Amino acid sequence: MEFIGREITVTLPDGFSLEKKPPAPDSFKWRGKSHRVTEMLANWHRYGKPEIRTQGGRPPYSVRSGSTQGSWGQGRAYFRVRTEEGRLFDIYYDRAPKGQRRAGAWFLWRELSAAEEHVGLDEGH
């Protein structure tokens, strides 16, 4: 497994308009090369900011409800994808607004080997 952690540019399927739960991209660009996605192997979501805690160790209500429903600008949508070259990547859409733009950003989290295709999938990510 190789951690990458870089922002990427993606191409989404035609007709996409929902930023809260985006679909897997059709392709992404990394290091100047376009990678076409041929298969989505898994997807999962993480909502809220669980690191926010009150003095009693319990998160505020707004954070608790956001962890299951999602709140505007919070959370990530993860995708494990296989590219045309047979490479495996975990990518995610971070819903947090970036600067003046309302939309979030896409990131290439890590590349996995073929033997790692199921890593993390049984553990709830």
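Summary table
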read-out	value
Residue that is modelled with the lowest pLDDT [pool: residues in the stretch 1-26 that are among the acidic types (Asp, Glu) and either under 16 Å from Ala103 (Cα atoms) or open to solvent by 80 Å² or more (accessible area, probe 1.4 Å) (or both)]	Glu19
Conditions (1) open to solvent by 70 Å² or more (accessible area, probe 1.4 Å); (2) at pLDDT 90 or above; (3) part of a loop (DSSP other than H, G, I, E, B); number of the one not met by Lys29	(3)
Qualifying positions in the stretch 69-93 - open to solvent by 20 Å² or more (accessible area, probe 1.4 Å) and modelled with pLDDT of 85 or more	Arg76, Tyr78, Arg82, Glu84, Glu85, Gly86, Arg87, Tyr92
In the stretch 32-43, the residues that are touching a Phe, Trp or Tyr at 6+ places or on another chain (Cβ under 8 Å) and surrounded by 15 or more Cβ atoms within 10 Å (Cβ to Cβ)	His35, Val37, Ala42, Asn43
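The values are calculated or read from the model by the stated rules, or taken from the named source; none is laboratory data. Bear in mind that the values here come from a model prediction, so they are computed numbers and not experimental data. Note that each Cβ is placed from the backbone with ideal geometry, even for glycine, and that neighbours are counted across all protein chains shown. Surface areas here come from the heavy atoms of the whole protein model, side chains and all, with no ligands, DNA or RNA. Shrake-Rupley method; radii C 1.70, N 1.55, O 1.52, S 1.80 Å.
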